[in-house]
Amino acid sequence: MELFEQIQQKLYRLDHNADQPNPSDPPAPLTEMPAPTVPDPRPNRSLSVWDFVPGLVVRVARPFTDYDGQKILAGEVLHFLGDSYFFYEGGHTLRFAEKTIRLADIVDEHQPIIANAGNLWFQPLDA
């Protein structure tokens with residue numbers, strides 16, 4: 001019985017010390033922690049009109065004419081409120097605080113504006 005108790009004591013010490021470093025072991029190599037990443041508030045990727053979300057602020061980079069014949073001037077800063085999509089014309093109604101812009105996929109000139117590749121028409125700004 002005494003021998004059994006000694007074995008239990010040794011097992012307990014082994015189990016208890018398993019999560020503590022052994023002083024005779026060499027020190028573990030230091031690993032460098034990666035720096036935390038902070039997302040860029042202004043995306044580098046192209047932001048199509050499909051990606052617009054309420055609160056987005058954009059600057060018009062190139063002038064264009066919308067579906068209703070409204071002239072949209074370069075340099076205008078617009079605060080996005082929301083949008084509607086009309087399936088049959090591929091139409092986007094973009095509601096900004098300053099104005100409403102309508103674009104339609106059936107108008108060849110509007111296709112690159114809707115895609116906004118390289119943010120060439122709408123450039124996202126910090127809010």
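The values are calculated or read from the model by the stated rules, or taken from the named source; none is laboratory data. These numbers were taken from a predicted model, which means no experiment stands behind them. For neighbour counting, all protein chains shown are included, and Cβ atoms are generated from backbone atoms with ideal geometry for every residue, glycine included. To get the accessible areas, we keep the full protein, side chains included, count just its heavy atoms, and leave off ligands, DNA and RNA. Shrake-Rupley method; radii C 1.70, N 1.55, O 1.52, S 1.80 Å.
Considering every residue within region 53-69, establish whether at least one is at pLDDT below 90, outside any strand (DSSP E or B) and at negative phi.
Among the residues of region 53-69, not one is at pLDDT below 90, outside any strand (DSSP E or B) and at negative phi, which makes the answer no.
Return the residues of region 85-116 that are part of a strand (DSSP E or B), hydrophobic (A, V, I, L, M, F, W, C) and over 25 Å from the mean Cα position of the chain (by Cα); say none if nothing qualifies.
If the condition is that a residue be part of a strand (DSSP E or B), hydrophobic (A, V, I, L, M, F, W, C) and over 25 Å from the mean Cα position of the chain (by Cα), then F86, A104 are the ones that fit.
Hey, can you tell me all the residues within region 101-123 that are loosely packed, with under 15 Cβ neighbours inside 10 Å and of a type in the set (V, I, T)?
Across region 101-123, the qualifying residue is only I106.
Given the condition modelled with pLDDT of 65 or more, in a loop (DSSP other than H, G, I, E, B) and either open to solvent by less than 100 Å² (accessible area, probe 1.4 Å) or among the acidic types (D, E) (or both), answer yes or no: does some residue in region 31-47 qualify?
Within region 31-47, one or more residues are modelled with pLDDT of 65 or more, in a loop (DSSP other than H, G, I, E, B) and either open to solvent by less than 100 Å² (accessible area, probe 1.4 Å) or among the acidic types (D, E) (or both).
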